[in-house]
């Protein structure tokens, strides 16, 4: 017998509209119908979620993410990645890219092996989908390393890159790099030819170098304004280029720590829906409260919304969750539900090369759904048409 799920009564967010009193019908893991509830009714064999008073969204996808619930994607092996995937459900996250930090080559290869092992273990599990890898570094500028470990930072090495891509078997979706490094522009072209998004970040490049990187094929900026040459009226850097150039989709960390709310508003007004993707850059401390935690090879401490190295000064990722990223983007810059669905679901799906099957609520696509109260609290997360989380 087919597995059927009907989500009824809520405001259903599609690419074109937010449908009041909508309905989403799911069958055998895929969406079969999306419209007003007046257009269809669930059959007697369907499991029903009454979403009255709630908002029904495509599942959220986090494309810059290091850990959650005490586990780090590089420190706790495949089992830790599996726990992360299950922990993310409570935040409405249905997919993520395991994101590495600057590390020695052997450590990156081990992280790739862990992701592959976790992917097999998670197959058909009630957990967020592990969609691949975002390699943040190691080819970044040490002057803008942020919390990245200096021993893992180096100039581009094409032999290393080839080995990473071969080991990952098409799982590397994004690589963050500094284009001003020797071989940086050539690496961007090399990555583009192999279907990997080159994201500009941890960089002190000037405006012209940023433009050259975009000409070479870069299409993304890693955590806009953070760990990059900033916006100066006589010396525009990477941040200015990312704001100005429509080819760039810029990551925003909307936690109120990495970016002032008015800077988020400025970025939104400059880039618009098609130029922004929401990310968390979350560490293992996500969801853990105040304390000390492991991020890759070093310790971080958390006080409130602030995650720093042990010096208490250097920001080291975040404790942001995707549902709070939506809430803050709405509060800071006025993004509506359609904007939020685009920047937290569709744009990330496009970056992962899976927008043909994920990222929007449309018939024929995977039935990955998140249901929110008006305050952005998650009530249900649906994975492949099955309720994987219920508050």
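Bear in mind these aren't lab numbers, they're just calculated from the coordinates by the rules spelled out. These numbers come from a predicted model, not from an experiment. Glycine gets a Cβ as well: all are built from the backbone with ideal geometry, and neighbour counts include every protein chain shown.
The slack in the chain from residue 262 to residue 193, taken as 0.36 nm per residue of separation less the alpha-carbon distance, amounts to 21.1 nm.
I need the Debye-formula profile for region 52-128: one equal scatterer per C-alpha, no solvent, reported as log10 I(q)/I(0) at q = 0.21 1/Å, two decimals. These q points yield log10 I(q)/I(0) values of -0.90.
Eigenvalues of the alpha-carbon gyration tensor of region 303-391, scaled by 5 and square-rooted, set the equivalent ellipsoid semi-axes at 27, 16, 15 angstrom, largest first.
Extension gain for the segment residue 313 to residue 121, taken as residue separation times 0.36 nm less the Cα-Cα distance, is 65.3 nm to one decimal. Beta-bridge orientation, region 108-230: approximately 0 percent antiparallel, per DSSP, counting only bridges with both partners inside. Taking a quarter of the surface of the Cα convex hull of region 260-356 gives a mean projected area of 7.1 nm².
In this calculation the C-beta distance from residue 142 to residue 170 is compared with R0 = 25 Å, giving a FRET efficiency of 0.25.
Comparing 124, 116, 301 in a Gaussian network model of the chain, where Cα atoms under 10 Å apart are tied by springs, the biggest mean-square fluctuation is seen for 124. Any idea what % of Cα-Cα pairs in region 168-299 are farther than 27 Å? Tail of P(r) above 27 Å: 23 percent of Cα pairs. Please check: in the Gaussian network model of the chain (C-alpha springs, under 10 Å), which one of 104, 234, 357 has the largest mean-square fluctuation. With Cα springs under 10 Å in the chain, the top fluctuation among 104, 234, 357 is at 234. Using the Cβ-Cβ distance between residue 17 and residue 292 with R0 = 45 Å, the FRET efficiency computed as 1/(1 + (r/R0)^6) comes to roughly 0.45.
If the elastic network links every pair of Cα atoms under 10 Å, which of 263, 56, 12 fluctuates the most in the Gaussian network model of the chain? Fluctuation is largest for 263.
Volume per residue for region 60-351 equals 112 cubic angstrom (convex hull of Cα atoms). Looking at region 292-339, the pairs of alpha carbons with a distance over 15 Å make up 52% of the total. Computed extension gain for residue 356 through residue 159, at 0.36 nm per residue and net of the alpha carbon distance, reaches 67.7 nm.
Overall, the ratio between the Cα radius of gyration of region 101-253 and 2.2 N^0.38 Å, rounded to two decimals, is 1.04.
With no solvent and one equal point scatterer placed on each C-alpha of region 154-241, evaluate the Debye formula and give log10 I(q)/I(0) for q = 0.14, 0.18, 0.21 Å⁻¹, two decimals. One equal scatterer on each Cα of region 154-241 leads to -0.45, -0.71, -0.93. In region 213-343, the DSSP beta bridges split such that about 60 percent are antiparallel, to the nearest 5. Peptides 225-231, 41-47 ranked from most to least packed give 225-231, 41-47, packing being the mean of other C-beta atoms within 10 angstrom over each peptide's residues.
The antiparallel fraction among DSSP beta bridges confined to the chain stands at about 55%.
Sorting the segments 235-242, 160-167, 192-199, 92-99 by their mean number of nearby beta carbons within 10 angstrom, highest to lowest, gives 92-99, 235-242, 192-199, 160-167.
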